[in-house]
1. Which residues, counting only those in region 119-160, are under 28 Å from Gly79 (Cα atoms) and assigned to a loop (DSSP other than H, G, I, E, B)?
2. Would you mind stating whether Val77 is out of contact with any Leu (no Cβ under 6 Å at 6 or more places or on another chain), surrounded by 16 or more Cβ atoms within 10 Å (Cβ to Cβ), closer than 20 Å to Tyr183 by Cβ and among the β-branched types (Val, Ile, Thr)?
3. In region 1-57, how many residues are in a loop (DSSP other than H, G, I, E, B) and under 26 Å from Ser104 (Cβ atoms)?
4. Filter region 1-59 down to the residues that are on the phi > 0 side of the Ramachandran plot and touching a residue at least 40 places away in the same chain (Cβ under 8 Å), then identify the one that is surrounded by the fewest Cβ atoms within 10 Å (Cβ to Cβ).
5. Name every residue in region 44-60 that is in contact with a Phe, Trp or Tyr (Cβ under 9 Å, 6 or more places away or on another chain) and modelled with pLDDT of 90 or more, in order of residue number.
6. Out of Pro63, Pro75, Pro114, I need the residue that is modelled with pLDDT of 95 or more and in a loop (DSSP other than H, G, I, E, B). Which one?
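The values are calculated or read from the model by the stated rules, or taken from the named source; none is laboratory data. No experiment lies behind these values; they were computed from the predicted model shown. Cβ: placed from backbone, ideal geometry, glycine included. Neighbour counts: every protein chain shown.
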Amino acid sequence: MQSSKTKFNLKNGLASSEGVESLKRYATNLKGIFADEKSLTSLIDSSNPLIYEFYDLGVEEKPGNLAYGTSIVYPGVIGREFYMTKGGHFHTVLDTAEVYLCLSGHGLMVMENPEGGETEIQELTAGEAVLVPGRYAHRSVNISDSEPLVTFFTFAADAGHDYGTIEQKGFRKLVLRTGKETYEVVDNPNWKAD
């Protein structure tokens, strides 16, 4: 048996263990994800901010192993759409569930079923966890005006990721800012049916 240990800061989600680095996603990495491409292009041209980062700790992708890490989505909006993780994903092994525990911040877990198009949204604050069922695409959305949304996640290491489906079709719903940490959920005008 070979165990591993990672030190995470519970407030900001950053790992301080030697040799562990986050994968960073800047505005330029999210072209085609946000509905307001004009605002995204303007943001890229002006500052290209870091939208989110996460730790993939390199757990071997084999049955019985658990992948885990943290995801940090920074506060901000593009147009009226809150910063979020890249378009969301399914797992390649479609029936794989995933657990997210909110360590700090205020956000949403947006989940969508590919068969019936059912959308479910769970609000997250520190100390709350959400089980994302198998067969649901999911993305984290930060609705705070001032602090990062920090979550700890875990799932079966051999589950894989399918980002392509959501990149091609989009999510059926968008989460738009209406005021200080308030939002509305609307149909995505860019969603592509089969």
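1. Ala126, Tyr136, Ile143, Ser144, Asp145, Ser146, Glu147, Pro148
2. Values: out of contact with any Leu (no Cβ under 6 Å at 6 or more places or on another chain): yes; surrounded by 16 or more Cβ atoms within 10 Å (Cβ to Cβ): yes; closer than 20 Å to Tyr183 by Cβ: yes; among the β-branched types (Val, Ile, Thr): yes.
Considered against the rule, which asks whether it is out of contact with any Leu (no Cβ under 6 Å at 6 or more places or on another chain), surrounded by 16 or more Cβ atoms within 10 Å (Cβ to Cβ), closer than 20 Å to Tyr183 by Cβ and among the β-branched types (Val, Ile, Thr), Val77 comes out as yes.
3. Taking region 1-57 and keeping what is in a loop (DSSP other than H, G, I, E, B), we get 1-7, 9-14, 16-22, 31-36, 47-49, 55-57.
Imposing the further condition that a residue be under 26 Å from Ser104 (Cβ atoms) reduces the set to 4-7, 9-14, 16-22, 33-34, 47-49, 55-57.
Residues flagged as in a loop (DSSP other than H, G, I, E, B) and under 26 Å from Ser104 (Cβ atoms) within region 1-57 amount to 25.
4. Looking at residues that are on the phi > 0 side of the Ramachandran plot and touching a residue at least 40 places away in the same chain (Cβ under 8 Å), I get Gly32.
5. Residues of region 44-60 in contact with a Phe, Trp or Tyr (Cβ under 9 Å, 6 or more places away or on another chain): 44, 48-55, 57, 59.
Residues satisfying the conditions are Ile44, Asn48, Pro49, Leu50, Ile51, Tyr52, Glu53, Phe54, Tyr55.
6. Values: Pro63 fails: modelled with pLDDT of 95 or more; Pro114 fails: modelled with pLDDT of 95 or more.
The unique qualifying residue is Pro75.
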